[in-house]
Amino acid sequence: MDKVIYTEREMLLIDPKPGTAAAVARDFGIDLSQTVSNLRLTPEARIRKLDELRERRIAHLAPDRDQDLAALLELEAILEYRNASETRED
């Protein structure tokens, strides 16, 4: 297996500062390296992956509130990451 090399921006998400949305998501148990892997996909590939996961979940599982909360925390961390990235580029 090849070693994954993360950019400085990606490391802000993988190793977040305390008190950030990313830190909350990590502390909840979200694997932020998976989040970075998903962000490296094209938007179309992310949508396909999400659709596949949603179809499997609907077909086999009852609603899971913890999983829903984890998804929301992950999205909040992604938004924070993007906002921080945009601020650095300005």
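The number of residues in region 12-30 that are touching a helix residue (DSSP H, G or I) at 6+ places or on another chain (Cβ under 9 Å) and over 15 Å from residue 76 (Cβ atoms) comes to 2. For region 24-45, the set of residues classified as free of Cβ contacts under 8 Å to residues at least 12 places away in the same chain and either of a type in the set (A, V, I, L, M) or assigned to a loop (DSSP other than H, G, I, E, B) (or both) consists of 31, 40, 41, 42, 45, listed by residue number.
Across region 1-11, which residue is surrounded by the most Cβ atoms within 10 Å (Cβ to Cβ) among those that are in a helix (DSSP H, G or I) and in contact with a helix residue (DSSP H, G or I) (Cβ under 7 Å, 6 or more places away or on another chain)? Checked region 1-11; the qualifying residue surrounded by the most Cβ atoms within 10 Å (Cβ to Cβ) is 10. Output the residue which, of all residues in region 17-33 that are surrounded by fewer than 17 Cβ atoms within 10 Å (Cβ to Cβ) and among the charged types (D, E, K, R), is farthest from the chain's Cα centre (by Cα). Per the criteria, the residue is 17.
So that you can scan it fast, the table gives a plain yes or no per residue for (1) at pLDDT 90 or above; (2) of a type outside the set (A, V, I, L, M, F, W, C):
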residue	(1), (2)
20	yes, yes
32	yes, no
43	no, yes
68	no, yes
77	no, no
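Of the listed requirements (1) part of a helix (DSSP H, G or I); (2) among the basic types (Lys, Arg); (3) modelled with pLDDT of 90 or more, residue 48 misses just one: (3).
The values are calculated or read from the model by the stated rules, or taken from the named source; none is laboratory data. Predicted model, so just to flag it, every value in this text is computed and none were measured. Glycine gets a Cβ as well: all are built from the backbone with ideal geometry, and neighbour counts include every protein chain shown.
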